[in-house]
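Everything below concerns the one structure shown next.
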Amino acid sequence: MNLILFGPPAAGKGTQAKRLVDTRGLTQLSTGDMLRAAIASGSPLGRQVEGIMKRGDLVTDDIVIRLIEERLPQAEAAGGAIFDGFPRTIAQAEALDEMLARRGSRIDLVIRLGVDEEAIKKRIAGRFAESGRPDDNPVAFEKRLVAYNRDTAPLLPYYEAQNKLVTVDGMAPVESVAAAIDAAIDGPRF
Ligand code: AMP
């Protein structure tokens, strides 16, 4: 089973993805984590993306598509992937559909964490100091939100048209969000 966790920055995608790794054995494929690991290792890719990420801009589609493609066999062996922070553009979504189709697979479900952006901004503002992420600051965070609304939100109709989109209340307590995600995964599929 392949799932996409969808939502703006700081909606709680990473937290929920990690829980699904623990409870379902799926592989979390977070392009943000992969890019941060590349930066930490000092690789050429890391040096290439460091400034872009720090500013809160999106890295190019070809970079993240390649990272995901490299990890698909591993996810397949685990029984599927939870895509977290990917795809973020229509081009990425189309590439993902093609890569999976070539492997005889598909996206089964897209779970959108519905959140109130103003509330998210307030929630994250209190955590900037302790986050340790260079893109967790007011200027970069605002850019990440702009990028989400401009480039990523258009994926909602894309997946809605494929009848794969469910929305859960991402403002609820973390355990309630988890329960709603479980219900979406285990419930009748549309
Ligand atoms: P995240 O951890 O998902 O919030 O991603 C952190 C940053 O990594 C983003 O603000 C982008 O700079 C970059 N990034 C992660 N995933 C993608 C993606 N799918 N497409 C473009 N840039 C990405």
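Numbers below:
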item	result
Residue within region 56-64 that is touching a helix residue (DSSP H, G or I) at 6+ places or on another chain (Cβ under 8 Å) and closer than 23 Å to residue 20 by Cα present	yes
Complete set of residues in region 58-77 that are more than 14 Å from the ligand (Cβ to nearest atom) and open to solvent by less than 20 Å² (accessible area, probe 1.4 Å)	72, 75
Residue list for region 1-20, restricted to those being more than 27 Å from residue 117 (Cβ to Cβ) and buried (at least 16 other Cβ atoms within 10 Å of the Cβ)	2
Only listed residue being farther than 23 Å from residue 128 by Cβ, among the charged types (D, E, K, R) and surrounded by fewer than 20 Cβ atoms within 10 Å (Cβ to Cβ), chosen from 36, 47, 55	47
Filtered residue count, region 73-93, keeping only those that are more than 10 Å from residue 155 (Cβ to Cβ) and of a type outside the set (Phe, Trp, Tyr)	13
Conditions (1) under 28 Å from residue 145 (Cβ atoms); (2) outside any helix (DSSP H, G or I): number failed by residue 53	(2)
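Conditions (1) touching a residue at least 24 places away in the same chain (Cβ under 8 Å); (2) more than 26 Å from residue 162 (Cβ to Cβ); (3) among the hydrophobic types (A, V, I, L, M, F, W, C), marked per residue:
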{"position": "1", "(1), (2), (3)": "yes, no, yes"}
{"position": "6", "(1), (2), (3)": "yes, no, yes"}
{"position": "9", "(1), (2), (3)": "yes, no, no"}
{"position": "13", "(1), (2), (3)": "yes, no, no"}
{"position": "16", "(1), (2), (3)": "yes, no, no"}
{"position": "22", "(1), (2), (3)": "no, yes, no"}
{"position": "50", "(1), (2), (3)": "no, yes, no"}
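The values are calculated or read from the model by the stated rules, or taken from the named source; none is laboratory data. In this text the structure is predicted, and so the values were computed from the model without any measurement. Note: ideal-geometry Cβ built from the backbone for every residue, glycine included; neighbour counts use all protein chains shown. Accessible surface is based on the protein model in full, side chains and every heavy atom, while ligands, DNA and RNA are left aside. Shrake-Rupley method; radii C 1.70, N 1.55, O 1.52, S 1.80 Å.
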